[in-house]
Every structure is written in C-alpha cells, then in structure tokens.
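Undergrad: There's a structure below that I have some questions on.
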Amino acid sequence: MGKHLTTRAEDYSKWYNELVVKADLAQNSGVRGSMVIKPYGFAIWERIQADLDRRFKETGHMNAYFPLFIPKSYFSKEASHVDGFAKECAVVTHYRLKNDPDGNGVVVDPNAKLEEELIVRPTSETIIWDTYRDWIQSYRDLPILVNQWANVVRWEMRTRLFLRTAEFLWQEGHTAHATKEEAIQEAETMLDVYASFVEEIMAIPVLRGIKTEGERFAGALETYCIEALMQDGKALQAGTSHFLGQNFAKAFDVKFQTKEGTQEHVWATSWGVSTRLMGALIMTHSDDNGLVLPPKLAPYQVVIVPIYKGQEQLDAISEVANDLVQQLRAQGITVKYDDRDTQKPGWKFNQYELQGVPLRIAIGPKDLEKGSVELARRDTLTKQFVSQSDVAAVVPALLDEIQNSLFEKALKFREERTHVANSWEEFEALIKESAGFVYAHWDGTTETEDKIKDLTKATIRCIPISNEEEEGACILTGKPSKQRVVFAKAY
RNA sequence: CGGGAAGUGGCGCAGGUGGUAGCGCAUCUGGUUUGGGACCAGAGGGUCGCAGGUUCGAGUCCUGUCUUCCCGACCA
C-alpha cells in the first residue's frame, strides 16, 4: 500500500477511488459493479440511516418491507416507468442449478425455466402499488405513509464506488393520499426532511429545486430534488422526492371511495436517498490527507492515542485516558481508546487522519507531567494543548464547531463556484472549466435542454425553489424566459 | 453498450525475440524502538484473472471470457 493518496489536483477521480479504499469504506467485489461496504464505511451509513429513520418516523411514516422480485408483467403497466428502467434491469429466468453433465461445476437447469420472469427491483413503485390496491378501499384508509430500507439493482454500464453501483442500498418512501394537494405537500415535506438532514447532519449545503420535464423521474408529474456541489465543480443529486399524480393508481387500479360515495384514484408520492450520499460526503469535505467526517456522522468522534515507553508508562497513560473516555461517553460522545501496541503512534495518526476522525487526543509522558493532552482537529489539521481537566468541556464545543465549520466551508465553496451567465460564450466557458453551478436563462423546452447537453455536457440540475422571477432571454435560443435555472455538469 | 488501457504473492510493480517467476511495501519470528506511516537480522507466501488452443516447453504467442480503470451514450 502506497503511503500517500493521489492528490485532488493530480487526478480527482483517482483521489476519490483511492480514498474510498484506503479509508476502509468499501472495495470492489468479484461481481461487476457491485461493492463490498466495509465495517467502517457501513458504520457511517448506519448513522445516516439512523438519523433519517428518526426523521421519517417523526413525520408520521412507518417502515415496511416489500419483495426483491417483481413479476415482469407489473412493469408493463406504467408506460413511462418501463421506459425509464427497462434498459437496466436484472432478470431472473430460472430457479435451479444442476451439476454440469460435462463435469465442470454447475450449470443452469434448462428444465427450471420460470413461467414468468422476475425482475430484481430497480425501484419498488410497481410491486408496492399492486399491494396498495389491497390496502385501500375508503378515504378512511388514507393516507398510507410507508418507507422501506432496501437494496435495489440497476444494471449500470459504468460504475463507481458509492456514486453508481449496480446494487445499492437506499430507502424508498411510498405514500398514498386522497387529494392532489396532500400528495404535493408530502413530496415537499420529504424534500425538506432530506435537505435539513443533509445540511444539519452531513454538513453539505444543498440547492432545493424541481427537475425539468426532461430530468424527471420515470412516471412522475413533478420531481423535487436537492443538489450538492462537489469539490471538482460537478453537481451531485443527493436526494429526490416525486409527486406521482395518479399514474400508478391508474396503472394498478387503486381507487378509494370518498366521503361523498364516489370512486377516485389515489394520489401518490415516492422519495429516496441512497448510499450515493456516501459519495457526496466524501467529495464535499475530504482533502488530500484523506476523509474528513462531520462529527455527527463519525463512527468515532474522538480517538485517543497513547504515546509511551514500557508497560508502566502505558498504565499511567491508560488511567488518564480511561477517565477521559468515561467523561466523554457520559456526554454521548463516541470515543475510541487505541492502546494497541502493534502499531506506532505515527502510524495511528496517519490512519485516523485517513479515516476522518474529527478529533484526536494524544497523551504521552510530557502530558503526564503537565496534566495536559494534545488535541488535534482533523478538518483544520491544527493542534493545541488542553489541560486534562478541561477536555470534557472543550471537546463537545469543538465537535460542534467542526460540524458548523465544515458546513460553512462547503457553503463558501459553493458560493464561490456559483456563477451567472448572460451569454452563450460566457456559459460555455464556465461549463468547460467545470466552474460549478451556472445560473442562466432557458426557454423552457426539452429540445433546448437536450441541445445544451449535447453541446456542453451540462444539464439543468434544477429550477431552484427559492427562485426569483426575472425577465431574460434563453442562453441558447434567445427566446424569452421568466427565470434562471441552474446548470452544471453532473455525476 | 462503443473506443482505449490493464489484470503476475495481501497491495504496488518488473519480467526484449517462449526455457519452469522477481523487487518494494505489507505479513511472520527475534531484538532494539514508540511526540507524525521505526530499524536490524532472519523467514513464509504466487497452478502469473479464468477457460481453451499453438508448442518438446507459455507469465510471454492465439481465441474466448470475466473484472478493473479512463473516454463516450445511460443513470440515484
């Protein structure tokens, strides 16, 4: 293993891949495009899950679980939905293996062909709406507010750890409502849940917006999204929430009887975030020394490293360290005391830096004499000496400060990388250098959007919700426009 | 899926024109060390991605296949 990471300036993409592997987050497996999430990476995902799950429940949702396999016929029921996913589905055609008659391992038993093929879910709208038909008869059965934590499979051609894998972990919320207004409200509420989670916990500033028709989810009437800006100036969609109208209710014949006794189709939403958030986390905060984790997601917020010669000294240090561990844990802070004698302090320093542990406390013989510890911040790489008796008071405040400072830093970066383009030349130049978000006028047509994409690789990330109306002319066609939309190259 | 590159101990790599595999890091043992990836001495570990083929002989040549990386089209 090489000692140093490729730097972001040398090769951003290589930096990302090396970081994921060296920080022990994930690795590629023997299966094309499918990753192994390692314990340290999974611990971060678990923290993401736990906080989101709490927020979902606080907004009235419950978890359920639907099958991995979906009968092929379900997919033919909603036309635009099929169009969106057909090209990337894994299909189960047989249910049995047998020994190879030629003696080489096993082969698929041709006699075990399924009557109807099963699709490994790329998303669960179809099977969930097929089930909701049984659950819903009356307006009294509504709303249904359900989420599921699951894995899904999309047969992507080009994959990257966390950012795009053939199988990924996510949550998908699927709700059913009596009215259009209520469904739209739900989709907007969940967008807020995502935005506040990503900003407060992941310390990643996001733009809230709606997708253009061309970028909309397959089967949705409106797609709301949060968009984040990565350090290389490319945008990453961090979460989406869809207002599905009555499309799935109509496709799966899900009706309810109203108070007035009429039969109406149910209104739907779906919303999801995935392990891609891990990619956003890495690319927002990390530096050339490795991962930088916001304290609210760090598996260990503090690591304590003893520096010692001989057992006697270690015992004396351990006494101080264990006391600090108790004091910090009492405040709900996660601490690891790494007293392994199999690695040297310098090795540990580098390892925890690579893994993004927010605070490191080193205790050595000099500290024993002075009653101090060395406290090092991962985000700023600064060190200070703190009296042992002050640690319990200083650490929580410092963790808060790191959390805030990471967000502020990311926000400042985004602001510096947010531009306004008023001419095609200006626009092209900004996009060419991956300058970040570019606000520009657009005539509102999918044709223009596609053409801009062909010419520059930039897509409309969103129409920001907070947008102000402004008269202008489309950057490409010169046709009138009422507002600016946000363009960027995207992951 | 189209174009390019690559798969050799755990990791990173070297192995003109075919002749039975080597280096660095890591690992193990012993000793000295420990405030930013320690040092010395010794040791173990590879059917060269996989499957065929050519050949007296294949890491090396040929065919197929799988995986990874880069560039496109698609996408959370």
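Undergrad: Checking the condition within 16 Å of RNA strand B (Cβ to nearest atom), open to solvent by less than 20 Å² (accessible area, probe 1.4 Å) and out of contact with any Gly (no Cβ under 6 Å at 6 or more places or on another chain), which residue from A:165, A:93, A:123 passes?
TA: Sole residue among the options that is within 16 Å of RNA strand B (Cβ to nearest atom), open to solvent by less than 20 Å² (accessible area, probe 1.4 Å) and out of contact with any Gly (no Cβ under 6 Å at 6 or more places or on another chain): A:123.
Undergrad: Could you pull out the residue among A:204, A:226 that is touching a strand residue (DSSP E or B) at 6+ places or on another chain (Cβ under 9 Å), part of a loop (DSSP other than H, G, I, E, B) and either modelled with pLDDT of 95 or more or surrounded by fewer than 22 Cβ atoms within 10 Å (Cβ to Cβ) (or both)? Break it down stepwise before answering.
TA: Details: A:226 fails: part of a loop (DSSP other than H, G, I, E, B).
The unique qualifying residue is A:204.
Undergrad: For the stretch A:41-73, which positions are without any contact (Cβ under 8 Å) to a residue 60 or more places away in the chain and assigned to a helix (DSSP H, G or I)?
TA: Applying the first criterion (without any contact (Cβ under 8 Å) to a residue 60 or more places away in the chain) to the stretch A:41-73 yields A:42, A:46, A:50, A:54, A:57-58, A:69-73.
Listed by number, the residues that qualify are A:42, A:46, A:50, A:54, A:57, A:58, A:72, A:73.
Undergrad: Pull out all pairs, ordered by first then second residue, where Cβ-Cβ is under 7 Å, the residues are six or more apart or on different chains, the first lies in the stretch A:8-35 and is closer than 22 Å to residue A:287 by Cβ, and the second is open to solvent by 40 Å² or more (accessible area, probe 1.4 Å) and assigned to a helix (DSSP H, G or I).
TA: A:27/A:21
Undergrad: Of the numbered conditions (1) within 12 Å of RNA strand B (Cβ to nearest atom); (2) among the acidic types (Asp, Glu); (3) surrounded by 13 or more Cβ atoms within 10 Å (Cβ to Cβ), residue A:83 satisfies every one except a single condition; which is it?
TA: Of everything listed in (1) within 12 Å of RNA strand B (Cβ to nearest atom); (2) among the acidic types (Asp, Glu); (3) surrounded by 13 or more Cβ atoms within 10 Å (Cβ to Cβ), residue A:83 misses just condition (3).
Undergrad: Another question about this same structure. Would you point out which residue out of A:315, A:400 is touching a residue at least 24 places away in the same chain (Cβ under 8 Å) and acidic (Asp, Glu)?
TA: On the way: A:315 fails: touching a residue at least 24 places away in the same chain (Cβ under 8 Å).
Sole residue among the options that is touching a residue at least 24 places away in the same chain (Cβ under 8 Å) and acidic (Asp, Glu): A:400.
Undergrad: Another question about this same structure. If a residue counts only when it is under 20 Å from residue A:398 (Cα atoms) and more than 35 Å from the chain's Cα centre (by Cα), which strands (runs of 3 or more DSSP E) contained entirely in the stretch A:307-377 have at least 1 such residues?
TA: Filter on the stretch A:307-377 gives A:359-363, A:372-377.
Undergrad: Another question, then. How about the stretch A:1-25: which of its residues are more than 8 Å from RNA strand B (Cβ to nearest atom) and within 22 Å of residue A:347 (Cβ to Cβ)?
TA: Correct list: A:6, A:7, A:15, A:18, A:19, A:20, A:21, A:23, A:24, A:25.
Undergrad: Any idea which of A:300, A:308 is open to solvent by 10 Å² or more (accessible area, probe 1.4 Å), in contact with a Leu (Cβ under 6 Å, 6 or more places away or on another chain) and not small (Gly, Ala, Ser)? Spell out how you get there, then give the answer.
TA: Values: A:300 fails: in contact with a Leu (Cβ under 6 Å, 6 or more places away or on another chain).
Result of the check over A:300, A:308: A:308.
Undergrad: If we keep just the residues of the stretch A:237-254 that are part of a strand (DSSP E or B) and closer than 23 Å to residue A:134 by Cβ, which is nearest to RNA strand B (Cβ to nearest atom)? Show your work before the answer.
TA: Filtering the stretch A:237-254 for residues part of a strand (DSSP E or B) gives A:237-245.
Remaining after also requiring closer than 23 Å to residue A:134 by Cβ: A:242, A:244-245.
Values: A:242: 10, A:244: 14, A:245: 17 Å.
Only one residue tops the list, namely A:242.
The values are calculated or read from the model by the stated rules, or taken from the named source; none is laboratory data. Everything numeric in this text was worked out from a predicted model, so none of it was measured. Methodologically, a virtual Cβ is constructed for each residue, glycine included, from the backbone with ideal geometry; neighbour enumeration extends over all protein chains shown. The area values use the complete protein model at the heavy-atom level, side chains included, leaving out ligands, DNA and RNA. Shrake-Rupley method; radii C 1.70, N 1.55, O 1.52, S 1.80 Å.
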